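Take a look at the structure set out below.
Just so it is clear, none of the values below were taken in a lab; they were calculated from the coordinates. Since we're looking at a predicted model, the values are computed, not measured. Methodologically, a virtual Cβ is constructed for each residue, glycine included, from the backbone with ideal geometry; neighbour enumeration extends over all protein chains shown.
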Amino acid sequence: MEYIVVDLEWNQSPLGKGTEDKKMPFEIIEIGAVKVNEKNECIEEFHEYICPQRYLELHHHTQELLQIDMEVLEKADGFEEVIKRFFAWCGEEYMFCTWGAMDLTELQRNLRYYGLDELLSGPIRYYDAQKLFSMQFDEKKKAHTLEYAVDYMELEKQQSFHSAIHDARYTAKIFVQLDRELRKNFSIDSFHNPKSKQEEIYVVFDSYSKYISREFDSKEEAIEDKDVKGSICYLCGKKAAKKIKWFSSNTKNYYCLACCRSHGYIKGRIRMKKTEEGKVYAIKVLKLVDEAGANAIREKQHQLRLKRKERRNRKKA
Ligand SMILES: [Zn+2]
């Protein structure tokens with residue numbers, strides 16, 4: 001298995017928020033990647049600029065951040081040509097690694113814009129080096145910037161950040177130095193979400209389980225589905241009794257508290273995700289928690305109830 005550590009830079013509508021093309025709010029203009037082999041060696045690199053076809057000027061933020069000029073981009077090939085060369089370079093058997101969870105999603109959105117969906121079919125299992133870094137070094141599991149991680153690991157820092165190839169190199173250096181054990185913890189990008197029952201995903205990790213459902217017409221319909229709302233203990237496979245039924249904290253997130261007879265409290269969290277076609281699917285994470293973790297859920301529900309009551313009272317007044 002080889003690892004393709006990839007980093008993308010993108011541009012957005014130069015006219016600012018509200019003027020973006022919803023089908024491609026972020027247009028990829030640079031791609032940098034490092035190939036890492038089984039022995040943890042960085043063996044090859046890929047770096048190309050992409051001539052933009054949707055936003056023909058750079059957003060001032062992009063310009064400042066990337067230190068890049070339109071003249072350079074105009075000399076490059078278009079997305080389709082570059083991306084086909086990139087996938088040919090990737091080879092047959094590989095797993096992606098990125099810093100953070102955005103790059104692969106935006107890559108697939110750009111592919112879809114050009115009708116190139118078939119080049120990368122998902123859901124994709126990949127490594128989020130940002131997440132792995134936090135798992136190893138930060139108890140609070142905060143998301144850190146690439147530069148923070150480079151400083152923290154005392155890696156050589158001669159190249160500027162926010163260049164696709166520099167960032168890919170930094171990410172690769174971090175990835176190969178992280179504890180290999182952590183590679184059990186792959187991430188799943190569900191831009192290409194499961195469509196049917198058969199395509200649904202259920203994975204058990206060391207300290208939690210993840211389930212990605214098929215599509216539903218609405219989140220109300222989704223939360224009523226028995227597989228979505230179920231709270232099966234991921235250690236023993238037995239049904240854990242609900243102590244607090246699913247409640248929503250905002251339009252996207254639901255929480256519950258269950259208890260397995262053998263393993264104790266299980267905290268449930270569902271994030272409702274919208275597809276580009278307006279359908280809804282659920283990502284559910286179940287995690288064993290201690291008494292403090294259980295209390296945190298109780299407190300969350302309590303606070304929500306107070307807020308609702310306040311709102312009702314204000315309406316009456
Ligand atoms: Zn159990």
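Points worth noting:
- Under 12 Å of direct C-alpha separation, and excluding same-chain neighbours fewer than eight residues apart, Lys315 reaches no aspartates and glutamates at all.
- Cβ-derived FRET efficiency at R0 51 Å, Leu56 paired with Thr251, nearest 0.05: 0.90
- Within-11-Å neighbourhood charge of Gly230 [Cβ basis; K, R +1; D, E -1]: +3
- Check: the stretch 195-316 dipole with +1 on Lys, Arg Cβ and -1 on Asp, Glu Cβ, in debye: 880 debye
- For the chain, Cys42, Cys51, Cys90, Cys97, Cys236, Cys256, Cys259 stand unpaired, since no other cysteine beta carbon lies under 4.7 Å from theirs.
- Relative contact order for the chain, counting Cα pairs under 8 Å that sit 6 or more residues apart, in percent: 13 percent
- Label point distance in nm, His192-Ala76, each placed 7 Å from Cα along Cα→Cβ: 2.4 nm
- Low-density loop positions, trypsin sites (Lys or Arg not before Pro), the stretch 203-275 - DSSP coil, at most 16 other Cβ in 10 Å: Lys238, Lys252, Arg261
- Distance from the Cα centroid of the stretch 188-202 to that of the stretch 111-183 is 23 Å (rounded to whole angstrom).
- Qualifying lysines (Cα of each under 21 Å from Cα of Lys173; at least 8 residues distant if same chain): Lys35, Lys39, Lys131, Lys141, Lys142, Lys157, Lys184
- Contact order normalised by residue count of the stretch 2-184, Cα under 8 Å, 6+ apart, percent: 27 percent
- Only helices enter this figure: runs of n ≥ 4 DSSP H residues, each worth -39500 (n - 2.57), summed and divided by the residues of the chain, yield -9500 deg cm²/dmol at 222 nm to the nearest 500.
- Exceeding the 18 Å Cα-Cα cut-off - candidates Lys252/Lys316; Lys238/Lys267; Lys195/Lys267; Lys219/Lys267; Lys226/Lys309: Lys252/Lys316; Lys195/Lys267; Lys219/Lys267; Lys226/Lys309
- Exposed GluC sites (Glu not before Pro) absent: longest stretch of the chain, with sites in DSSP loops and at most 12 other Cβ within 10 Å deemed exposed: 157-275
- Electrostatic bookkeeping for Glu80 treats Lys and Arg as +1 and Asp and Glu as -1; over the other residues with beta carbon under 15 Å from its beta carbon, the sum is -1.
- What the Cα convex hull of the chain gives, in volume per residue, is 176 Å³.
- Placing unit charges on each Cβ (+1 for Lys and Arg, -1 for Asp and Glu) gives the chain a dipole about its Cα centre, and among Met272, Gln301, Ser207 the Cα reaching farthest toward its positive end belongs to Gln301.
- Put a plus charge on the Cβ of each Lys and Arg, a minus charge on the Cβ of each Asp and Glu, and nothing anywhere else: the dipole of the stretch 100-183 about its Cα centre is then about 160 debye.
- Residue-wise HN-Hα coupling along the stretch 14-22, computed from phi with Karplus coefficients 6.51, -1.76, 1.60 (Hz; x: Gly, Pro): x, 7, x, 4, x, 10, 6, 7, 4
- Dipole size of the chain about its Cα centre, with +1 on Lys/Arg Cβ and -1 on Asp/Glu Cβ: approximately 3580 debye, rounded to the nearest 20.
- Simple rule: put +1 on each Lys or Arg Cβ and -1 on each Asp or Glu Cβ in the chain, find the dipole, and look at Phe86, Gly122, Ile165; the Cα lying farthest toward the positive end is Gly122.
- Rounded, prolate or oblate (a/c below 1.5 giving rounded, otherwise prolate when a/b exceeds b/c) for the stretch 195-316 by Cα gyration tensor: oblate
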